[in-house]
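**Q** This is the structure I have questions about; it appears just below.
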Amino acid sequence: MKNFQVMLLSFFGTGYAPIAPGTIGTLATLPFVYLAWTYSNTALDITLFISTLILSLLCIKNTKLDRKDPSWVVIDEVLGMFLTYIFVSFFKYSLFKLLIIFLTFRLFDIVKPPPVSNIDKMDFPEAIIWDDIVAGIFAGLVSGIIFYYFPQI
């Protein structure tokens, strides 16, 4: 079970990248986002997101972590990025839109405006995931506003 937990939390090992593991984990999500966006099925996307979220929360709660937010745990970035996509999935896909949701998610994940920063400071393992979920909500809203006002993107 421990190997499965590490595989999931590190998103198939991408969390062990020597530099910028959070960004690498987010980049590793892009092929899945591309497939989901081009073969859009909202019910399936939401089901996949919720199941992965629940499984990730269980795994992170039951994994002994060496510090509050270890860099190898990147499932939070994967979930945040996928949630960002869900917010804008009804817009027509374009490579530029994919880039925008990637950049907006990374911006909110790195800058951590409140309440993202408030959640990030909480001292329980699940907070590792919840701050990126909130960052994903913000990124999804901002990306949706951009796509609405600039439909040609």
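What follows draws every value from the coordinates through simple rules; no lab data is involved. Every value quoted in this text rests on a predicted model; they were computed, and no experiment measured them. With ideal geometry, Cβ positions are generated from the backbone for all residues, glycine too; neighbour counts draw on all protein chains shown.
**Q** ASP76 passes all but one of (1) on the phi > 0 side of the Ramachandran plot; (2) touching a residue at least 24 places away in the same chain (Cβ under 8 Å); which number fails?
**A** (1)
**Q** Moving on. Would you check which residues across the stretch 118-132 are in contact (Cβ under 8 Å) with a residue 12 or more places away in the chain and loosely packed, with under 13 Cβ neighbours inside 10 Å and list them?
**A** ASP123
**Q** In the list PHE96, PHE108, which residue meets the criterion of being touching a residue at least 40 places away in the same chain (Cβ under 8 Å), within 22 Å of ILE24 (Cβ to Cβ), outside any loop (DSSP other than H, G, I, E, B) and among the aromatic types (Phe, Trp, Tyr)?
**A** Only one candidate qualifies: PHE96.
**Q** Could you please give the count of residues in the stretch 1-24 that are surrounded by 16 or more Cβ atoms within 10 Å (Cβ to Cβ) and free of Cβ contacts under 8 Å to residues at least 24 places away in the same chain?
**A** Qualifying residue count, the stretch 1-24: 1.
**Q** What's the total number of residues in the stretch 33-51 that are part of a helix (DSSP H, G or I), of a type outside the set (Gly, Ala, Ser) and out of contact with any Leu (no Cβ under 9 Å at 6 or more places or on another chain)? Even if it seems obvious, please write down each step before you answer.
**A** Here is the first cut: in the stretch 33-51, the residues part of a helix (DSSP H, G or I) are 33-38, 42-51.
Those left that are additionally of a type outside the set (Gly, Ala, Ser): 33-35, 37-38, 42, 44-50.
Narrowing further to those that are out of contact with any Leu (no Cβ under 9 Å at 6 or more places or on another chain): 35, 38, 42, 44-48, 50.
So the count comes out to 9.
**Q** Would you point out the residue of the stretch 25-61, among those that are within 16 Å of VAL6 (Cβ to Cβ) and touching a helix residue (DSSP H, G or I) at 6+ places or on another chain (Cβ under 7 Å), that is surrounded by the most Cβ atoms within 10 Å (Cβ to Cβ)?
**A** Looking at the filtered set, the residue picked out is GLY25.
**Q** Taking the stretch 56-80 as the search range and keeping residues that are assigned to a loop (DSSP other than H, G, I, E, B) and acidic (Asp, Glu), which one is nearest to the chain's Cα centre (by Cα)?
**A** ASP69
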